[in-house]
Structure formats: structure tokens, C-alpha cells
1. Using Cα atoms only, what is the angle between the long axis of helix 43-52 and the major principal axis of the chain, expressed in degrees (0 to 90) to the nearest 10?
2. With everything on Cα atoms, drop me the angle between helix 29-38 and the longest principal axis of the chain, reported from 0 to 90° to the nearest 10.
3. Expressed as an acute angle from 0 to 90° and rounded to the nearest 10, what is the orientation of the C-alpha long axis of helix 3-13 relative to the principal long axis of the chain?
4. Determine, for region 3-70, the count of lysine pairs separated by eight or more sequence positions (or lying on different chains) whose alpha-carbon distance falls under 16 Å.
5. For GLU20 paired with ALA60, estimate the spin-label separation in nm (one decimal), with each label point 7 Å from Cα along the Cα-to-Cβ line.
6. Given 10 °C and 1.306 mPa s, how large is the Stokes-Einstein diffusion coefficient of region 3-70 in µm²/s, with Rh as the Kirkwood radius over Cα pairs?
7. Sorted by average packing, counted as other Cβ atoms within 10 angstrom per residue and highest first, what order do 21-28, 62-69 take?
Amino acid sequence: MRIDKNIKVLGIKTDLTMAEIGRRLHKSPQAFNQKIKRGTFTIEDLQEIAIVTNCTFECAFVLPTGERIRIGEDT
């Protein structure tokens, strides 16, 4: 699933519009909508979206052994 679709599903499941998520990120609804269309989200952006939607964001490589290498964390 593309990131824009993930964010839209997140909005539905958290009962927040894209405009409201944008406002919570201190962006205009138009600016946030354009970012969604471009799909230019950094890991930091996704972490912020998780915070403002009261969710947890996880991003990791999972090795065949089950070991997880979390993205964005210093090791």
C-alpha cells in the first residue's frame, strides 16, 4: 500500500480528516494535501503524524532470524 493510502486509512480509523491532521502538524490543509499527493514523507514526518493522531509508528527491517533493525534509531 502506498503511503498516501496508509495515511488516509489512518485518518479514517482515528476519525480525523486530512485537514485536521494537517492542522495538528501546523500545516495548512492545502499544504498537507499536496504533501500527501507527492508522497514525500520522511520517517520524521511519519513519526510526527503518529504523535498527532495518538498512534505509534514503527518502521524496521526484520531479518529472517526475527531480529529487528528499527529505522531512524541510532544503534
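Rule-based calculations on the coordinates, nothing more; no lab input. From a predicted model like this one, the values you see are computed outputs, not experimental measurements. Here the Cβ positions follow ideal geometry from the backbone for every residue, glycine too, while neighbour counts run over all protein chains shown.
1. Taking the Cα atoms of the chain, the angle to 43-52 is about 60 degrees.
2. Around 40 degrees separate the two axes.
3. 70
4. 7
5. 3.1
6. This corresponds to a translational diffusion coefficient of 124 µm²/s.
7. Highest to lowest by the protection proxy: 21-28, 62-69.
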